[in-house]
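Visitor: Take this structure first; my questions come after.
The values are calculated or read from the model by the stated rules, or taken from the named source; none is laboratory data. Note that this is a predicted model, so its numbers are computed, not measured. Every residue, glycine among them, receives a Cβ derived from its backbone with ideal geometry; neighbour counts consider all protein chains shown.
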Amino acid sequence: MLSNETLIDIKEVANEFGKSVESIRKYKNFGIIRVSDKNGNKDLFDRSEILDIRIQLKELRLKGLTLSQIADEIESERKFENKTSPTSGPNSGSIVSQSHEGPLKILLADKDSVVRKTVTEYIEDLDYSICETTNGEETIAKAFTFIPDLILLDLQLPKIDGYQVCKMLKGNSTTQTIPIIVIAQFKTNADKINLIECGADDYVEKPLDKNELIARIKMVNQRALKSH
């Protein structure tokens, strides 16, 4: 655990970036910044890492990248640093530990901004990093770049619907082990059967219930950990 002098809360992060707290929450949800510790429900961040990210973010913004693309660039650099950094020493040890024990990465795929906002609010107090997508093509691409621990998938996605997204991801050796929880409003039992045949691990019906959603996320994640 880092000392109190090296940890700052989200308001202090916002001050460092010169941004609103809401903007910093977006950075957190995209995985651009990472929670280092918690004090009750309050997220705490490593000051030195935040200062490094601030510099990186400024450089990447000048390239005209979106938040999603910035998140990919930063994540790639983190993985490179973890591979090349020595396993001993006061600084390198904390980086490897954070990468291994970091927040659960959730890919949230839903065309409805209200649903995305609701899901984010439901799980914002938990140790999850969220990346959002709004169509099937983007969801498939992000599954390979963001490499989520879990996917929350809407069926009514533009471009490629959720059924096809599920089939494609479960049929690919790189992504087939990623658990998929579908969030949908089913019209018939046949819809649910079709979903199972596509390879989904679980589902939650809309309108969403907070407790049920959290319980199913935890259950599916635990099941995935036991299978590895």
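Visitor: Counting only residues that are within 22 Å of the chain's Cα centre (by Cα) and acidic (Asp, Glu), which one in region 163-213 is surrounded by the most Cβ atoms within 10 Å (Cβ to Cβ)?
Guide: If we take residues in region 163-213 being within 22 Å of the chain's Cα centre (by Cα) and acidic (Asp, Glu), then Asp201 is surrounded by the most Cβ atoms within 10 Å (Cβ to Cβ).
Visitor: Is it the case that Tyr122 is within 13 Å of Ile180 (Cβ to Cβ), modelled with pLDDT under 95 and assigned to a helix (DSSP H, G or I)? If you could, list the steps in order and put the result at the bottom.
Guide: Working: within 13 Å of Ile180 (Cβ to Cβ): no; modelled with pLDDT under 95: yes; assigned to a helix (DSSP H, G or I): yes.
Judged against the criteria, Tyr122 is not a match.
Visitor: Give the residues of region 12-60 that are aliphatic (A, V, I, L, M), out of contact with any Gly (no Cβ under 9 Å at 6 or more places or on another chain) and either more than 25 Å from Pro148 (Cα to Cα) or surrounded by 15 or more Cβ atoms within 10 Å (Cβ to Cβ) (or both), sorted by residue number. Working first, answer last.
Guide: Step one: of region 12-60, the residues aliphatic (A, V, I, L, M) are 13-14, 21, 24, 32-33, 35, 44, 50-51, 53, 55, 57, 60.
Among the residues that remain, those that are also out of contact with any Gly (no Cβ under 9 Å at 6 or more places or on another chain) are: 13-14, 21, 24, 32-33, 44, 50-51, 53, 55, 57, 60.
Answer for region 12-60, where residues must be aliphatic (A, V, I, L, M), out of contact with any Gly (no Cβ under 9 Å at 6 or more places or on another chain) and either more than 25 Å from Pro148 (Cα to Cα) or surrounded by 15 or more Cβ atoms within 10 Å (Cβ to Cβ) (or both): Val13, Ala14, Ile24, Ile32, Ile33, Leu44, Ile50, Leu51, Ile53, Ile55, Leu57, Leu60.
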